[in-house]
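Written below as structure tokens is the structure these notes are about.
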Amino acid sequence: MGVAENLNEVLSEIRLAERNAGREESSVRLIAVSKTKSADLIREAYDAGQRDFGENYVQEILSKAPLLPSDIRWHMIGHLQRNKVRQIIDKVSMIHSVDSLKLAQEISKEAVKKGIVMPVLIEVNIGEEDSKSGAAPEETVSLAEEITKLPGISLKGLMCVPPVCSEPSESERYFDRLRELNIDIKDRKIDNGSVCELSMGMSHDFPEAIKCGATMVRVGTRIFGERDYSR
């Protein structure tokens, strides 16, 4: 199948997962993860109606965005170095991977310079893995408190990449933990009602993530095929 057919199949599965979880239709937003994929493939998904695309690397956003329609909403979902923030601050619609106060402060500084407010998510290292970036779960609520004090930045929720599990259902305990952290933030009234997004679930486990409360799922391989890292 081509990109458009793959996209429609994924969207159908998202709608089914919403119904199975008793969720409202279209309560979950699909982020099509286009890292390593060409502008031509992204345009195929765009022509099929997709508008939200996720990239892991600043350079890929900078190289692809000028070749594609301006109404695409780019999401920075990979690790972001502080010295790269100013390059994308006015080119992305959301940064999913804020993992420290220093990074949040840099985003705040550059957003204020541009006169914008940047929506962000805190990336939580939900499995507490040494190989992954992200804030420690026990530090997430206090980090949220500090971020909400900064100008030019709006904390919208949390993101995670759980450990690799042999069965998709095993990911549910990590998704539930992220949801509980989001509830903790709300209970502390840190967010004034704006921390409502949970970015979790990928090609192999997004139905389980939706069951656990995901509002955004990040799906790449199911839409675009296997990634090519040889370039």
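The values are calculated or read from the model by the stated rules, or taken from the named source; none is laboratory data. No experiment lies behind these values; they were computed from the predicted model shown. Please note: Cβ atoms are built from the backbone with ideal geometry, for glycine as well, and neighbour counts cover all protein chains shown.
If the condition is being surrounded by fewer than 16 Cβ atoms within 10 Å (Cβ to Cβ) and of a type in the set (Lys, Arg), then the range 151-178 contributes only Arg173. Please work out if Ser26 is free of Cβ contacts under 8 Å to residues at least 12 places away in the same chain, assigned to a loop (DSSP other than H, G, I, E, B), among the polar types (S, T, N, Q) and surrounded by fewer than 16 Cβ atoms within 10 Å (Cβ to Cβ). The answer is yes for Ser26. When the range 87-103 is filtered for residues that are loosely packed, with under 15 Cβ neighbours inside 10 Å and either in contact (Cβ under 8 Å) with a residue 40 or more places away in the chain or assigned to a loop (DSSP other than H, G, I, E, B) (or both), the ones remaining, listed by number, are Asp90, Lys91, Ser93. Of all residue pairs spaced 6 or more apart or on separate chains, those with beta-carbon atoms under 6 Å, a first member in the range 174-193 that is over 19 Å from Glu146 (Cβ atoms) and at pLDDT 95 or above and a second member that is assigned to a helix (DSSP H, G or I) and hydrophobic (A, V, I, L, M, F, W, C) are Phe175/Ala209.
Do we find that Thr215 is hydroxyl-bearing (Ser, Thr, Tyr), over 19 Å from Arg29 (Cβ atoms), in contact with a strand residue (DSSP E or B) (Cβ under 9 Å, 6 or more places away or on another chain) and surrounded by 15 or more Cβ atoms within 10 Å (Cβ to Cβ) in this structure? Against the criterion (hydroxyl-bearing (Ser, Thr, Tyr), over 19 Å from Arg29 (Cβ atoms), in contact with a strand residue (DSSP E or B) (Cβ under 9 Å, 6 or more places away or on another chain) and surrounded by 15 or more Cβ atoms within 10 Å (Cβ to Cβ)), Thr215 does not qualify.
Yes/no matrix, rows are residues, columns are (1) surrounded by 14 or more Cβ atoms within 10 Å (Cβ to Cβ); (2) part of a strand (DSSP E or B):
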residue	(1), (2)
Glu18	yes, no
Gln59	no, no
Pro69	no, no
His79	yes, no
Val85	yes, no
Gln105	yes, no
Glu123	yes, yes
Asp130	no, no
